Amino acid sequence: MSVVAVFDVGKTNVKLTIADRDGRLLETMSTGNAVLPGPPYRHHDLGAIESWMLDGLTSLGSRHDIAAIVPCAHGSGGVLVGEHEPAMPMIDYEQTPPAAIEAEYRRIGGSFRERGSQFMLGAAHLARQMLWLETNWPAAFVDARYYLATPQYWAWRLSGVAAGEVTSLAAQSHLWSPADGRPARLIAERGWQRLMPPLRPAWETLGPLRPDWVSRTGLRPDVRVVNGIHDSSANLYRYQAAGLSDMTVVSTGTWMVAISDSPDSDGVTERPGVCCNADVEGKPLAGVLTMAGREFSAVSEAGTRGPASRDNLERLIASGTMALPTFGQDDALFPGTAGRGVVEGALASDLTLRHSLAVLYVALLTDMCLEGLAIGDNLVLDGSYVRDPAYAGLLAALRPQARVLVNHEQYGTGSGAALLAWHETRDHAAPLALDRPDPLRVSGLDQYRTQWRARASNRRNA
């Protein structure tokens, strides 16, 4: 049976996954995504990732008939490249550029509609990275051939063919205006058109695997390299391929990303955390994103492990004990609160309750993310948070009008990316099992939510 290999580059980990034509995962391997301190700045170790990928393809290819390779990756990553090799190391987007770069970028960045997201932490936008490289390493920038988003960088390394792709550019790169379906004006204003390769669909085959890497891995010479996709759009595509529409998908991990395909959702009015992405067809998608995974870890790490219990949740709510934002450096939903997160209340020091408190906290953050979105017929929850049943149960209780569905598959990104390989030939909906959780009825939850929002907002406005 022919299968597809998905090369998924996350901020923290890198995965190689084998999936069948229906997106079912057959085998996965992973490694850390190492960051080097510099010079010239903190950067990802592309050489180490590449060696690991090739070794992984060799191993997986000895057990599976790999017909295609599909790269996918988080947003905010890109690489300046020459004709055949990287021209500069890949910037770790969590570091802060020099103050002069930051000030200049905010001056030239354009309107929210042009950017598709707010100004985010560190070097989170490809356009900001490009300005930094152009200013501080002008010779390398002038000599470079392309600036490639991470999925397309790896597609280029695998096939030798450079391409752009709309979901990657729409993922807070600030190089694409998702609402208008066109390049951002900043590209022309800066003269960066020469660094932008032609756009090609996420599912398009760029070419076969490079001959030298065929020899290195032992894979078939006709293995197709697919252009690739942004991870959140790949996850959404998993549901689209299953026949779902009019939905909001909340994907949880380091980042919590809520994306709605409803035409009634507003993705062009700037407000905390809101963004506008795109699906594989280029359709604008309103969304909200925040680093809730870091928030969860900060609240829970000192305490005992879960799962959350109704008894613990009721004790926390009755006592008014709350986790209040923001513990990490991304304060998207509550501007001005970064690094000021705190646990307050009578049970704040009870570490046996911390996991339950963290689940309650991220459920409230999710509810806050959904506030500005038209949810549509389906509210789908997936990712690491749904491992604790209380998370989905709390959302079902907080959102009683919504049809809440839970996907317990832990790798929707990989499944969605894999399905791209047969986008043009698939003749049936890809099967997907979704559960409908029962609302978790906890005494005082609605009043607690009202109080939590008020206290969280007061911290933002202080």
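The values are calculated or read from the model by the stated rules, or taken from the named source; none is laboratory data. Just so it is clear, the model here is predicted, and its values are computed rather than measured. Ideal geometry is used to build each Cβ from the backbone, glycine not excepted, and the neighbour counts take in all protein chains shown. Each accessible area value is taken on the protein alone, full model and side chains, heavy atoms only, with ligands, DNA and RNA left out. Shrake-Rupley method; radii C 1.70, N 1.55, O 1.52, S 1.80 Å.
The protection proxy used here, the mean number of other Cβ atoms lying within 10 Å of each residue, ranks peptides 119-127, 161-169 as follows, highest first: 161-169, 119-127. Reducing the range 91-105 and the range 352-377 to their Cα centroids gives an inter-centroid distance of 31 Å. Hey, what did the range 1-148 get for relative contact order, percent, Cα under 8 Å, at least 6 apart? RCO, the range 1-148: 23 percent. P(r) tail, the range 31-181: Cα-Cα pairs separated by more than 28 Å, 21% of all pairs. In the range 11-74, the ratio of gyration radius to Kirkwood radius, Rg to Rh, stands at 1.04 when only Cα atoms are counted.
Within the accessible surface of the chain, defined with a 1.4 Å probe on protein heavy atoms only, the carbon and sulfur portion equals 50 percent.
Taking the Cα centre of the chain as origin and assigning +1 to Lys and Arg Cβ atoms and -1 to Asp and Glu Cβ atoms, the resulting dipole is close to 560 debye. Evaluated at q = 0.14 Å⁻¹, a Debye calculation over the C-alpha positions of the range 286-380 (equal weights, vacuum) places log10 I(q)/I(0) at -0.52. Bridges between two residues of the chain, per DSSP, are antiparallel at a rate of about 70%.
Taking amide H positions as modeled 1.01 Å from N, with prolines and chain starts lacking one, the residues under 5 Å from residue 224 and 5 or more places away or on another chain are 68, 69. Largest accessible area first, the residues 279, 446 order themselves as 446, 279 under a 1.4 Å probe with ligands, DNA and RNA left out.
Dimensions of the range 354-435 along the principal axes, based on C-alpha atoms and rounded to the nearest Å, stand at 46, 27, 20, largest first.
For the range 107-262, the antiparallel share of DSSP beta bridges with both residues in that region comes to about 90%.
For residue 278, nonlocal amide neighbours, meaning residues 5 or more places apart or on other chains whose placed amide H falls under 5 Å from its own, are 285. Only Cα pairs under 8 Å and 6+ residues apart enter the sum, and on that basis the relative contact order of the chain stands at 16 percent.
Per residue, the accessible area of the chain comes to 37 Å² when a 1.4 Å probe rolls over the protein heavy atoms. What separates the Cα centres of the range 20-86 and the range 214-279 is a distance of 18 Å. Highest mean first, the peptides 317-329, 251-263 sorted by other C-beta atoms within 10 Å per residue fall in the order 251-263, 317-329. In the range 40-108, the ratio of gyration radius to Kirkwood radius, Rg to Rh, stands at 1.11 when only Cα atoms are counted. In the chain, taking the dipole from charged Cβ atoms about the Cα centre, the farthest positive-side position among 99, 370, 380 is held by 99.
Once you treat every alpha carbon in the chain as an equal point and sum by Debye, what is log10 I(q)/I(0) at q = 0.07, 0.11 Å⁻¹? Ignoring solvent entirely, the Cα scatterers give -0.35, -0.87.
Highest mean first, the peptides 395-406, 361-372 sorted by other C-beta atoms within 10 Å per residue fall in the order 361-372, 395-406.
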